Amino acid sequence: MMDLQQLQTRVRALLEERNAVLLAHYYQTQDIQQASDHLGDSLELALQASKTDADIIVFAGVDFMAETAKLVNPEKMVLHPNTRAQCPMASMVDPVALKRIKEKSPDVPVVAYVNTSAAVKAESDICCTSANSVEVVKSLDAERIIFVPDSNLGLYVSRMLPEVDVIPWPGFCHVHQNIKVEDVLSLQELYPAAETLIHPEATPMVLTLADFVGSTRGIAKRVVDSSADEFIIGTEEGLVHHLKGLRPDAEFYVVPPGLCPNMKRITLLDIYKSLESLETPVELDRELIARARRPVDLMLKIKRRA
C-alpha cells in the first residue's frame, strides 16, 4: 500500500511517461490539487485543455468538464478517472426538452452554462461560465435569451443586465442552493471584520449579503487583492486549499454545507489507476463534437469578468 507521497510521486511519473497532463478543478481534494499540472475553474481548465501539447488529458472534475475537454481537443485522449463523478445540475436540462423550448421561441438565443452535457451544448448558441456569463450575454446584443440550466446564475445575469430579458431554466447547484441566509449572517456576526465572498450560483437573497460575488478564480483574485485577513467563503470548501496557499496569513470560514460529494468521488488512486490502464476515455460522436464545440469555442473568445 502506497502512502500519499508515494502515490503523488507515482502519478507524476506516469503523467510524464504517458505525456499526459492532469487538469484539476478547485473543488478537488488537496492531494489531487497538489499533484495537478493545472488547477483552475471551468473556464481556465477549458482553455488549458484547448491548447495543451500533451497526448493525454486526465480530468479531475465532474463529467461535463471532461466532456468539454474532449470538445475543445477532440484528437486527444481525455480520461475521466471516475465516471460516477457527475454533476446533478447538468442533468437538470436535457436536449429534448431544450429543443421544445427552442421551437416555441425560435428567435431567442440559448446560452448554456458550461455545466451541461455535450448534447445540450449542441442545442445552444453559445456557452458561458460563471466567470464570463455577463460578458457572454452582452456579446449577443439580444433583447431576450434562454439561460440553461442554473436559474440562480441566470438571475444574477439578469440583475447585472436589466436591459436583457433572461428566461432562466429551473436548475440549480445543490451546494450553492443550500447556502442559507441565516448561516451567512451567523458567520458575519462571529467574524465582523471578514469579507464575504460568494459564488453567483447561490440564491439572490444570499448574494445580497456578499461583499464580492464571483467565480472560484474571481474569489481567489479578490483574496489576493484584498487588505482583509479574514474571509467568509460561499462556495465549495475545496477552494480553500488554494486560497490558503495564496494567503497563508489569512483565515477562511466556509459557509455550510460547502461540500460537493460528486466532485469528491475522484481520488488520487483513481487517477493513478486511470493513467496506468488508460481508463476511462471520454467517447463522443464526431457529429456531436462538431455541433457542441462551436458554442464552447465562442465562449472561449469572451473575456472573463470575475
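Odds and ends about this structure:
- Residues (touching a helix residue (DSSP H, G or I) at 6+ places or on another chain (Cβ under 9 Å) and either outside any helix (DSSP H, G or I) or modelled with pLDDT under 95 (or both)) located in region 10-29: Ala20, Val21, Leu22, Leu23, Ala24, His25, Tyr26, Tyr27, Gln28, Thr29
- Set Pro81, Pro109, Pro95: member being in the same structural domain as Phe59 (by TED's automatic domain parsing) and either crowded, with 21+ Cβ neighbours inside 10 Å or not hydroxyl-bearing (Ser, Thr, Tyr) (or both): Pro81
- Those residues of region 129-148 which are free of Cβ contacts under 8 Å to residues at least 40 places away in the same chain and either surrounded by fewer than 24 Cβ atoms within 10 Å (Cβ to Cβ) or of a type in the set (D, E, K, R) (or both), in sequence order: Lys138, Leu140, Asp141, Ala142, Glu143, Arg144
- Scanning region 13-36 for any residue that is closer than 19 Å to Ser124 by Cβ and either buried (at least 16 other Cβ atoms within 10 Å of the Cβ) or in contact with a Phe, Trp or Tyr (Cβ under 7 Å, 6 or more places away or on another chain) (or both) turns up nothing.
- Residue among Ala118, Ala131, Ala112, Ala122 that is closer than 30 Å to Ala85 by Cβ and modelled with pLDDT under 95: Ala131
- Residue match in region 254-266 (condition: under 26 Å from Glu16 (Cβ atoms) and touching a helix residue (DSSP H, G or I) at 6+ places or on another chain (Cβ under 8 Å)): yes
- The set of residues from region 237-277 being crowded, with 20+ Cβ neighbours inside 10 Å, β-branched (Val, Ile, Thr) and under 22 Å from Gln86 (Cβ atoms) comprises Ile266, Ile271.
- The set of residues in region 154-181 that are closer than 20 Å to Val254 by Cα and surrounded by 23 or more Cβ atoms within 10 Å (Cβ to Cβ) comprises Cys173, Val175, His176, Ile179.
For (1) closer than 26 Å to Lys301 by Cβ; (2) touching a Gly at 6+ places or on another chain (Cβ under 9 Å), each residue gets a yes or a no:
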site	(1), (2)
Leu39	yes, no
Leu45	yes, yes
Val62	yes, no
Pro74	yes, no
Val96	no, no
Val108	yes, no
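- Where helices (runs of 4 or more DSSP H) fall entirely within region 30-119, those with at least 1 residues that are closer than 24 Å to Ser133 by Cβ are at 42-51, 63-72, 95-104.
- Verdict on Glu123 being over 23 Å from Leu300 (Cα atoms), part of a loop (DSSP other than H, G, I, E, B), outside the structural domain of His25 (by TED's automatic domain parsing) and of a type in the set (Asp, Glu): no
The values are calculated or read from the model by the stated rules, or taken from the named source; none is laboratory data. Since the model is a prediction, treat every value here as computed from it, not as a measurement. Note that each Cβ is placed from the backbone with ideal geometry, even for glycine, and that neighbours are counted across all protein chains shown.
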